[in-house]
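Just below is one structure, and these are the notes that go with it.
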Amino acid sequence: TETKLGIAQLPKITEPLNMLKETVEDDVEQLSISQDQDARVGHKSADSSFFGYKTHIAMTEERIITAAIVTTGEKNDGKQLQALIEKSKATGMEITTVIGDTAYSEKDNLAYSKENEIELISRLHPQISQGMRKKEDEFEFNKDAGMYVCKAGHMAIRKARQGTKGKGKNQTDTYYFDVELCKRCPFKVGCYKEGSKTKTYSVSIKSGEHAEQMAFQESEYFKEKAKERYKIEAKNSELKHRHGYDVASSSGLLGMQIQGAMAIFAVNLKRI
């Protein structure tokens with residue numbers, strides 16, 4: 001639409017268009033919130049967001065779903081790993097290997113896997129698995145967008161690395177948030193200082209923290225097992241496109257949990 005309007009030739013139109021876009025987005029979000037008090041804004045990428053819920057699932061290599069957790073849209077995927085494993089164990093599953101994407105390679109998950117003698121086939125992501133960071137319960141990393149999201153659901157608009165190149169222990173990644181959103185955020189107390197022109201969140205990068213996992217992910221065994229991950233994406237596609245699980249049939253977290261239970265029950269019966 002911007003190409004058709006020739007924005008490059010008419011720079012004065014850019015600001016009104018941006019203002020219209022922001023106004024429309026705010027109105028849609030507020031309308032959605034008024035309709036569903038539980039739903040939250042989640043992000044599929046840096047430029048793509050949704051308003052609703054997430055369903056985190058665990059599945060056997062035979063494609064039987066053994067556990068599921070329904071959360072609001074802004075929740076981090078990696079935080080659900082341990083609960084999914086414990087739920088799967090409760091069904092009688094003996095778990096020796098877990099395959100997942102980079103969201104699951106958090107430090108706590110690596111320690112949990114080692115303690116429980118589980119091979120974690122999940123590649124390290126430097127933004128979520130290395131270093132130390134404050135307020136971990138308030139800022140969560142979105143692996144699809146490569147950005148941090150605050151507890152209000154707002155994503156950072158850019159990031160910058162600071163420190164000496166090649167010396168991880170001296171480096172930090174700083175994420176910058178939209179101050180205009182921070183000014184009217186209901187959670188700004190203790191997070192945003194009135195009058196500040198910027199709002200940032202920094203992550204210290206520490207080298208050597210995950211040497212064992214780094215060596216493991218370079219092994220042929222790791223690479224072969226990682227290829228099995230496509231099965232979970234195929235199952236997600238089946239749930240969404242054949243069982244209507246891409247749209248919530250009712251409002252509220254409980255309604256989403258019931259819908260999830262029914263859809264998962266159906267796909268498991270089909271697979272069995």
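Throughout, read-outs are computed from the coordinates displayed, never taken from laboratory work. The structure presented is a predicted model; accordingly, all values stated were derived computationally and were not measured. Every residue, glycine as well, gets a Cβ built from its backbone with ideal geometry; the counts of neighbours run over all protein chains shown.
Per-residue Karplus couplings for the stretch 172-177, computed as 6.51 cos²θ - 1.76 cosθ + 1.60 with θ equal to phi - 60°, are listed in order as 9, 9, 10, 10, 9, 10 Hz, Gly and Pro entered as x.
In whole percent, what relative contact order does the stretch 186-271 give with Cα contacts below 8 Å and a gap of six or more residues?
Values: 21 pairs, mean separation 12.7, N = 86.
It rounds to 15 percent for the stretch 186-271.
As a calculated quantity, the FRET efficiency between residue 83 and residue 178 at R0 = 51 Å, using C-beta atoms, amounts to about 0.95. When Lys and Arg each count +1 and Asp and Glu each count -1, what net charge do the other residues less than 11 Å away from residue 248, Cβ to Cβ, add up to? Net charge around residue 248: -3. Cross-link pairs exceeding 25 Å in C-alpha to C-alpha distance, out of 107/227; 114/143; 44/114; 143/197, comprise 44/114; 143/197. Proximity of backbone amide H atoms, modeled 1.01 Å from N, is registered between residue 99 and 121 at under 5 Å, excluding neighbours fewer than 5 places apart on the same chain.
Let me check I've understood the local charge: for residue 223, count other residues with C-beta under 15 angstrom from its C-beta, Lys and Arg +1, Asp and Glu -1. What total comes out? Please report the intermediate quantities before stating the final value.
Working: positive: 123, 225, 227, 229; negative: 101, 119, 218, 220, 224, 228.
Net of charged neighbours comes to -2.
Put simply, the Cα atoms of the stretch 206-268 extend 47, 27, 16 Å along their principal axes, the longest span coming first.
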